[in-house]
């Protein structure tokens with residue numbers, strides 16, 4: 001089982017992430033931000049990743065530190081759970097609709113962090129949650145998981161639908177990229193460099 005447990009404590013937040021990549025989609029989220037918990041649940045359910053995240057942050061100041069640090073901690077847990085990366089598919093991509101909204105995520109477990117995020121939100125807040133923080137979550141994730149990630153919201157009139165379709169497509173791209181090839185001939189790291 002590819003699992004990891006990471007705890008991150010700063011002067012602004014405490015975040016604990018437990019991840020099992022070869023899971024069944026069980027999720028347990030407690031960040032103090034209900035809409036964000038709902039988005040994290042998309043990663044677990046649609047990525048078939050068992051994921052538990054507990055976060056306590058200075059929400060009285062702003063949600064920024066909590067959301068970014070959840071991204072950082074999840075990225076660290078994801079990288080650790082992947083281990084030596086031998087035999088993984090490495091690349092994953094998916095389109096996911098939610099009603100009128102459509103998003104695409106393309107992921108490369110490259111060893112090189114990079115984020116391209118394109119979404120013109122139809123409104124700034126959903127359930128009191130500032131959607132600018134979605135970028136901060138993904139930036140924290142890629143910086144600490146060492147993946148390259150392209151996210152494009154292609155269509156959408158409802159900001160909740162836009163955001164949820166982004167997280168669903170992200171989850172499905174992870175699900176593809178972390179799969180281990182069962183072919184005995186492919187027991188190597190999927191890179192001409194020999195390392196990721």
Unmet requirement for residue 55, which otherwise passes all of (1) under 23 Å from residue 11 (Cβ atoms); (2) free of Cβ contacts under 8 Å to residues at least 24 places away in the same chain: (2)
Among the residues listed as 141, 117, 137, 167, the single one being in contact with a helix residue (DSSP H, G or I) (Cβ under 6 Å, 6 or more places away or on another chain), surrounded by fewer than 21 Cβ atoms within 10 Å (Cβ to Cβ), modelled with pLDDT of 95 or more and under 16 Å from residue 71 (Cα atoms): 117
Number of the exception - residue 71 against (1) surrounded by 15 or more Cβ atoms within 10 Å (Cβ to Cβ); (2) modelled with pLDDT under 95; (3) out of contact with any strand residue (DSSP E or B) (no Cβ under 6 Å at 6 or more places or on another chain): (2)
Verdict on residue 123 being in contact with a strand residue (DSSP E or B) (Cβ under 6 Å, 6 or more places away or on another chain) and surrounded by fewer than 21 Cβ atoms within 10 Å (Cβ to Cβ): no
Within region 144-164, tally of residues that are assigned to a helix (DSSP H, G or I) and surrounded by fewer than 22 Cβ atoms within 10 Å (Cβ to Cβ): 4
Residues that are surrounded by 17 or more Cβ atoms within 10 Å (Cβ to Cβ) and not in a strand (DSSP E or B), drawn from region 3-24: 21, 23
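So, of the residues in region 28-52 that are in a strand (DSSP E or B) and touching a helix residue (DSSP H, G or I) at 6+ places or on another chain (Cβ under 6 Å), which turns out to be surrounded by the fewest Cβ atoms within 10 Å (Cβ to Cβ)?
This residue is 29.
The values are calculated or read from the model by the stated rules, or taken from the named source; none is laboratory data. Since this is a predicted model, take the numbers as computed values, not measurements. A quick note on method: Cβ atoms are made from the backbone with ideal geometry, for glycine too, and the neighbour counts reach across all protein chains shown.
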